[in-house]
Each structure stands twice: as C-alpha cells, then as structure tokens.
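Colleague: The structure is given below, and queries will be raised subsequently.
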Amino acid sequence: MKIIIINGPNLNLLGKRETEVYGNMTFDIFYDQLKTKYPSITLSYFQSNIEGELIDKIQEVGFTFDGIILNAAAYTHTSVGIGDAVKAISTPVIEVHISNTFTRETFRHQSFISPNAKGIIIGFGLKSYELALQSFL
C-alpha cells in the first residue's frame with residue numbers, strides 16, 4: 001500500500017511554531033515514528049509552502065497511490081485550486097488538521113477540500129495523521 005502525506009504552508013515549522021496549538025514535536029520525528037510503526041506501508045512525505053507545488057504533487061500521485069493524507073494548512077480555507085485538484089484525481093484523500101479548526105477563527109471553518117475528501121480528521125494533534133493512515137487500512 002502506497003500512502004503519501006502532503007503538508008502545506010508553515011507545517012515545516014512544527015515543533016517551533018505555536019507549540020500551545022501544534023505541540024513541540026517536529027514532523028520529521030513524528031514521520032519517522034509512523035514509518036517504524038507501519039513498516040508494511042510504503043509511506044512518502046511532501047511539504048511545501050507554495051500552493052502550485054502542492055497541486056503538482058496531488059496531480060503527480062493522484063492516480064497511482066492508494067491514499068493521500070492532506071493537511072493543506074491555511075490553503076484549506078483559501079485554495080479553490082487545491083480543492084479542484086483533489087476533485088480531479090482518483091486516489092482517495094483524507095483531509096487532516098492538527099488543531100480543531102472549529103475552535104479557531106471563523107474563516108478556518110470553511111474548507112475547499114472537504115467536499116471532495118473521503119473523510120476529515122481534525123483536532124487530535126499529530127495523531128490526526130495516524131488516524132487517517134489507519135482509515136486506509
């Protein structure tokens with residue numbers, strides 16, 4: 001099974017940024033733990049702060065992978081393009097968010113990805129990614 005985690009803007013700063021919201025573990029450490037815990041899954045990871053690069057990656061893997069775990073971060077609430085990319089592919093996408101976006105600013109309550117996602121997991125910290133991964137199993 002081939003699964004990719006795609007992270008959007010500022011998620012490269014996990015462990016440093018707003019630790020009261022996002023925790024103090026870096027994504028690299030968490031990702032290594034996931035790969036160790038699920039050795040039977042071919043797990044890939046991509047992060048970009050650039051909207052077009054995220055769209056390019058979704059299109060690149062969207063017909064050949066078994067699943068995409070997507071945290072588009074702030075682009076979730078602003079990018080029709082990412083939402084359209086998710087709609088255009090055949091690989092199922094699970095939208096994830098580390099924080100509960102519904103307890104934050106009102107503009108974070110809207111998602112352009114959700115209407116085209118297989119499911120949504122929000123508010124469980126980094127565990128949200130593992131829950132998404134388990135949903136593919």
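The values are calculated or read from the model by the stated rules, or taken from the named source; none is laboratory data. Keep in mind that what you see is a predicted model, and the values were worked out from it rather than measured. Here the Cβ is made from the backbone with ideal geometry for all residues, glycine too, and neighbour counts use every protein chain on show. Ligands, DNA and RNA are excluded from the accessible area calculation, which covers all protein heavy atoms including side chains. Shrake-Rupley method; radii C 1.70, N 1.55, O 1.52, S 1.80 Å.
Colleague: Across segment 28-45, what is the total count of residues that are open to solvent by less than 50 Å² (accessible area, probe 1.4 Å) and either in a helix (DSSP H, G or I) or under 18 Å from Leu13 (Cβ atoms) (or both)?
Modeller: Within segment 28-45, residues that are open to solvent by less than 50 Å² (accessible area, probe 1.4 Å) and either in a helix (DSSP H, G or I) or under 18 Å from Leu13 (Cβ atoms) (or both) number 3.
Colleague: Further question: Please specify each residue of segment 50-93 satisfying the condition of being open to solvent by 10 Å² or more (accessible area, probe 1.4 Å), under 23 Å from Gly123 (Cα atoms) and within 13 Å of the chain's Cα centre (by Cα).
Modeller: Ala73, Ala74, Tyr75, Pro92
Colleague: Does Asn10 meet the test of being open to solvent by 20 Å² or more (accessible area, probe 1.4 Å) and within 14 Å of the chain's Cα centre (by Cα)?
Modeller: yes
Colleague: Residues of segment 96-111 being within 12 Å of Gly123 (Cβ to Cβ), open to solvent by less than 80 Å² (accessible area, probe 1.4 Å) and without any contact (Cβ under 8 Å) to a residue 40 or more places away in the chain, which ones?
Modeller: Correct list: Val96, His97, Asn100, Thr101, Arg104, Arg108.
Colleague: Separate question: Need pairs with beta-carbon distance below 6 Å; first residue at positive phi and within segment 18-44, second modelled with pLDDT of 95 or more and of a type in the set (Gly, Ala, Ser); sequence gap 6+ or separate chains.
Modeller: That search, which allows pairs on different chains as well, returns nothing.
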